[in-house]
Amino acid sequence: MIFVFGSNVQGRHGKGAALAALMHHGAIYGQGEGLQDNSYAIPTKTTPWQSRPLSEIKKSVDKFIK
């Protein structure tokens, strides 16, 4: 099973599902996208406070699906 979570491009997994991924599912601090042990980061933010454009998020989701 893979835990999929929203991240920021810097990989600062500091809150919510990203923090849970870091603490319990092998997420790697500083890695904002991709497979990380039994978790997968999809960057939805450019910074911890600013959302990415939906077109960019879609590219990351498409990459995950492949």
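At 222 nm, what value in deg cm²/dmol follows for the chain if DSSP H runs of at least 4 each add -39500 (n - 2.57) and the sum is divided by all its residues, to the nearest 500?
Working: 2 runs with 21 residues, N = 66.
That comes out to -9500 deg cm²/dmol.
Suppose the chain between residue 2 and residue 38 were pulled fully straight at 0.36 nm per residue; how much longer would it get relative to their current alpha carbon spacing?
That pair, residue 2 and residue 38, stretches by 12.5 nm at full extension.
What distance in nm lies between label points placed 7 Å from Cα along the C-beta direction at residue 56 and residue 10?
Reported label-point gap for residue 56 and residue 10 is 1.4 nm.
Given a 1.4 Å probe and the protein chains all in place, what does the accessible area of residue 9 round to, in Å² to the nearest 10?
70
When Rg is the radius of gyration of the Cα atoms in the chain and Rh is its Kirkwood radius, what does Rg/Rh come to?
Ratio value, two decimals: 0.94.
For the charge dipole of the chain, defined by +1 on Lys and Arg C-beta atoms and -1 on Asp and Glu C-beta atoms about the Cα centroid, which residue among 29, 49, 3 has the Cα displaced farthest towards the positive pole?
About the Cα centre, the residue reaching furthest to the positive side is 49.
Report the number of Lys pairs in the chain whose alpha-carbons are under 15 Å apart, with separation of 8 or more residues or on distinct chains.
Count of close lysine pairs: 4.
Please give me the summed charge of the neighbours of residue 51: other residues whose Cβ is under 14 Å from its Cβ, Lys and Arg +1, Asp and Glu -1. Walk me through the intermediate numbers first.
On the way: positive: 45, 52, 58; negative: 56.
Overall, the nearby charge balance is +2.
So if I place +1 on the C-beta of Lys and Arg and -1 on the C-beta of Asp and Glu, and nothing else carries charge, what would the dipole magnitude of the chain be about its Cα centre? I want it in debye, nearest 20. Please report the intermediate quantities before stating the final value.
On the way: 8 positive and 4 negative charges, 36 e Å.
In debye, rounded to 20, the chain gives about 180.
Under 5 Å between amide H atoms, partner at least 5 residues away or on a different chain: which partners does residue 40 have, H built in plane at 1.01 Å?
The answer is 3, 4, 5.
The values are calculated or read from the model by the stated rules, or taken from the named source; none is laboratory data. Quick caveat, the model's predicted, so the values are computed rather than measured. When we count neighbours, we look across all protein chains shown, and the Cβ atoms used for this are built from the backbone with ideal geometry, even at glycine. Quick note on the areas: whole protein, heavy atoms, side chains included, nothing else; ligands and nucleic acids left out. Shrake-Rupley method; radii C 1.70, N 1.55, O 1.52, S 1.80 Å.
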